[in-house]
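What follows draws every value from the coordinates through simple rules; no lab data is involved. Predicted model only: the values in this text are computed from it and were never measured. Positions of Cβ are generated from backbone atoms using ideal geometry, with glycine treated the same way; all protein chains shown enter the neighbour counts.
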Amino acid sequence: MGPGGDVLLVNGGVTQYLGRWMRESGLADLLASLPELVYVGLSAGSVVMTRPAAGAGDDTRLGLVDFSLSVHLDDEAGAEAWAAGIAGPAYAIDAETAIKVVDGAVEVVSEGRWRLFNDEDLVRDLLRDQHPDLADLPIREVAGGWGNQMWRLGDDLAVRIQRMDTSADLQLRERRWLPLLAPRLPLPIPVPVRSGVPSERFPKMWTVVSWVEGTPLDRGSIDRGDHGADTLAAFLRALHVEAPADAPDGGDFGAHPRDCTGGFERFLGAIEDLGEHEDHIRTVWDDAVAAPGWPGPRVWVHGDLHPANVVVADGTLAGVVDFGALFAGDPAWDLGAAWLLLPEGYASRFFDRYAGADEATVRRARGLAAMKCLFLMLMGQNGDRGLPGGKPNWGPAGRAALRRVLKGL
């Protein structure tokens, strides 16, 4: 590949191009000089793969084969174990170290030259450049995150930095709409309070938001089921009001289940050990596909409610985060949370308190919840295998939620 070309980033099925960053960091020049296949492992656990072009116009982009980089390359034992599985000369580069692998042996090529993604120094530099009054507050990384990485800033704020998201639209959506929605919602949400713009130091979007206190549900639990059901219903009643004409459409989110069958089938086919549940899952999905669509007005919808996107405290729901999928459309996309978030036996109470879902909406919601369970299980399965983007703790959460979905109301 020549300098200025693009490199394909593969992360758990999410792809984006890093051509600008590769050029500015000098890594494109390095890759262009290498005669071998190159694997580049990013600090976020992602993988870049490229074969330097032999001449102008050659297509250098490769797809993800059976490869994962789940070790820090500065961990000598881990790097050697990873290298043992490489069949030929290759390079791997993470946030701190570049190594070369030849015949299973590791050679350190460079240390400390590239800082690929987000660390405390980067966050502080961005604040110092654009919001200097916040730059001296304590900074600590928050575990989790997919499209964006979170850093807690002091006691009351957080910095949300674009990481895997391929577009700035999601953060721009949150900046525009969350300050308008927050005052009428009964649970705290991360309200944007400062905006960061792309710069030479970091050519992506970042935002300072209010901190939402609590433990993510994928690492916690709702023990007070009645309170949790009532709280979730009250939150969604307040959110699900008619949206203005210029509110965003759903895109990948928000479609009728019949238009999501391809994704459902991919998730279903990728999960191991479904056994006798597969037929039941299909029955739930087919019922959702057959249900009439949403006849009402376009209402505000969070769009991505699952255990990692809500927080809990004192045994109940305490906040809702990650509104990047926010759209106006069918509330069924949120109502599946009755099974995804609440303990067994509380979905019926939730729908009684919500009091705004007809039979068809409940059918669509249940099918969409089944699809989300499969997604959680797939991410858990990938995590168990050490694949990039995998989330080991999502598997048990997805399986527990699926049992609740299959039991119905």
Open item on the list: Calculate the FRET efficiency for R128 and L172 from the Cβ-Cβ distance with a Förster distance of 30 Å, rounded to the nearest 0.05.
Closed with: 0.80
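Please state the relative contact order of region 158-209 as a whole percent: Cα pairs under 8 Å, 6+ residues apart?
In percent, rounded to a whole number, it is 46.
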Open item on the list: Classify region 217-308 from the C-alpha gyration tensor, please: rounded if a/c falls under 1.5, else prolate or oblate depending on whether a/b exceeds b/c.
Closed with: oblate
Task: Förster radius 35 Å - calculated FRET efficiency between D136 and H227 (Cβ-Cβ, nearest 0.05) - done: 0.35
Open item on the list: Can you compute 3J(HN,Hα) from phi for each residue in region 295-306, using the Karplus curve 6.51 cos²θ - 1.76 cosθ + 1.60 with θ = phi - 60°, rounded to whole Hz and x for Gly and Pro?
Closed with: x, x, x, 5, 10, 5, 9, 4, x, 9, 7, 8
- [ ] Grab the Cα-Cα distance for A290 and D156, subtract it from 0.36 nm times how many residues apart they are, and report the gain in nm with one decimal.
- [x] 43.6 nm
Task: In nm, spacing of pseudo-spin labels at R385 and E276 (7 Å Cα→C-beta vector) - done: 2.7 nm
Open item on the list: So, R0 is 22 Å and r is the distance between the beta-carbons of A360 and R237; what FRET efficiency does that work out to, to 0.05?
Closed with: 0.75
TODO: Could you pull out which residues in region 335-368 have an amide N less than 13 Å from a spot 7 Å beyond the Cα of R258, following the Cα-Cβ vector?
DONE: none
